[in-house]
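These notes are about the structure you will find just below.
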Amino acid sequence: MQKPYEILEGVIPKDYLEKAQKATLELKNWLLDNALIGKSSNLGTGRYWRGIETASRISPVLHKLYTSDFMKGIVSKYMSEAYYYTDQAVVKMPKEPFAFPSHYDNQYAPTGLHQINFMWILDDITPESGDFKIEGTSVRLKAGDILVLDGNTVHCSGKNVTDKPRRAWACVYTTTDPNYLDFFSGRFI
């Protein structure tokens, strides 16, 4: 990827958008209903946090979308060789004290593993719903967009102070085989 990020405006088909909106909200409600935040998990980092790691491992709907021909078409424009890595449902509930500090995705990956995040924007992202900043600059994102974010690009997001959920779904692929994961393995493209 030559730029730190790119916004693909309105590319998510309406039926896929609706499926992802419903599935990510169901996962967040499952997390909250079962009081799992902070508890031990066999997913990703080993602890449940306010986002849901490896969401497509839990949701068959998200798994179908993560592994879809639609995603192959998008990912192949940025990666000549791509491997499954992870995905995260990031749902900020109304007035939930959930913000992401500045970070870059590759800081969480094993050394030498480069990732690209193809983030599905499931609700409009506004300053009130959890302002999204890339390298310190606010970026306007609308439901149906995909934000393509290089793994070395610094980004953050604020709290949702609205009365509606703010949903996004990070579909992450790597340029080399992560081969240590038990739930996704093999080449995507």
Where a residue in region 40-51 is under 20 Å from residue 97 (Cβ atoms) and its partner, wherever it lies, is in a loop (DSSP other than H, G, I, E, B) and open to solvent by less than 60 Å² (accessible area, probe 1.4 Å), with Cβ under 8 Å and at least six apart:
47/38; 47/41; 48/36; 48/38; 48/41; 49/38; 50/96; 50/98
Can you name the residue in region 162-177 that is crowded, with 16+ Cβ neighbours inside 10 Å and basic (Lys, Arg) and is also nearest to residue 71 (Cα to Cα) among such residues?
167
Does region 14-21 contain at least one residue that is within 15 Å of residue 96 (Cβ to Cβ) and acidic (Asp, Glu)?
no
Look at residue 28 and say whether it is open to solvent by less than 30 Å² (accessible area, probe 1.4 Å) and either within 13 Å of the chain's Cα centre (by Cα) or among the β-branched types (Val, Ile, Thr) (or both).
no
Checked pairs for region 61-76, first open to solvent by 30 Å² or more (accessible area, probe 1.4 Å), second of a type in the set (Gly, Ala, Ser), C-beta under 6 Å and 6 or more apart or across chains, list as 61/23; 63/56
Is one or more of the residues making up region 179-187 more than 27 Å from residue 15 (Cα to Cα) and either open to solvent by less than 10 Å² (accessible area, probe 1.4 Å) or outside any loop (DSSP other than H, G, I, E, B) (or both)?
no
Residue check: is residue 98 closer than 26 Å to residue 68 by Cα, open to solvent by less than 50 Å² (accessible area, probe 1.4 Å) and over 14 Å from the mean Cα position of the chain (by Cα)?
no
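The values are calculated or read from the model by the stated rules, or taken from the named source; none is laboratory data. Source: prediction; values computed, not measured. Cβ: placed from backbone, ideal geometry, glycine included. Neighbour counts: every protein chain shown. What goes into the accessible areas is simple: the full protein's heavy atoms, side chains included, and nothing from ligands, DNA or RNA. Shrake-Rupley method; radii C 1.70, N 1.55, O 1.52, S 1.80 Å.
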